[in-house]
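Data first, discussion second: the structure below is written as structure tokens.
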Amino acid sequence: MATTTAELGTTLSLRVRVGLGDLDPDDVEVQAVAGRVDGQDRITDATAVPLKPVGGPDLEGRRVYEGPLSLDRTGPFGYTVRILPTHRLLATSAELGLVAVPSEDVGEGAGVLLR
């Protein structure tokens, strides 16, 4: 997890590149998940913020999603990104039990820790 500092009230402009494979952007919801960080650098008291697709795929087929994230609490704070299925016939995004998050081996790309 990357570590940096930020001030209360700051709004971060998040931008992520997502490889959807054969999925269409309408098939997924990309979210930033943010909250307090415990002693093991795990996000607790999490809030999900939807990110919106911007433009078409790049040369590698990845899509860009963007959105604001407000730093509304003091103390250790972290965020990461998750991808959930979405469809009008699903009761909730969790119904299928499918969520994609950054793998542990991506290092700094797995999330950001603000102290």
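Laboratory data are not the source of any read-out in this text; all were calculated from the coordinates shown. Quick caveat, the model's predicted, so the values are computed rather than measured. In this analysis, Cβ positions are derived from the backbone assuming ideal geometry, glycine residues included, and neighbour counts consider all displayed protein chains.
Non-local amide H neighbours of T86 (under 5 Å, H modeled in plane, Pro and chain starts lacking H): which ones?
Hits under the 5 Å cutoff: V28, E29.
Can you list residues whose amide H is under 5 Å from L20's amide H, if they're 5+ apart or on another chain and H is modeled 1.01 Å from N?
Under 5 Å from the amide H of L20 lie the amide H atoms of R63, each far enough along the sequence or on another chain.
Within 13 Å, Cβ to Cβ, of S13, how many net charges do the neighbouring residues add up to if Lys/Arg are +1 and Asp/Glu are -1?
+1
Counting only C-alpha contacts under 8 Å and six or more residues apart, can you give the relative contact order of the stretch 13-65 as a whole percent? Each step should come with its number before you reach the end.
Details: 69 pairs, mean separation 22.2, N = 53.
Averaging sequence separation for qualifying contacts and normalising by length gives 42 percent for the stretch 13-65.
Tally Lys/Arg at +1 and Asp/Glu at -1 over every other residue whose Cβ is under 13 Å from the Cβ of D45; what's the total?
+1
What order, most packed first, do the peptides 72-84, 6-18 have when packing is the mean number of other Cβ atoms within 10 Å of each residue? Please report the intermediate quantities before stating the final value.
On the way: 72-84: 17.3, 6-18: 12.7.
Sorting 72-84, 6-18 by mean packing, highest first, produces 72-84, 6-18.
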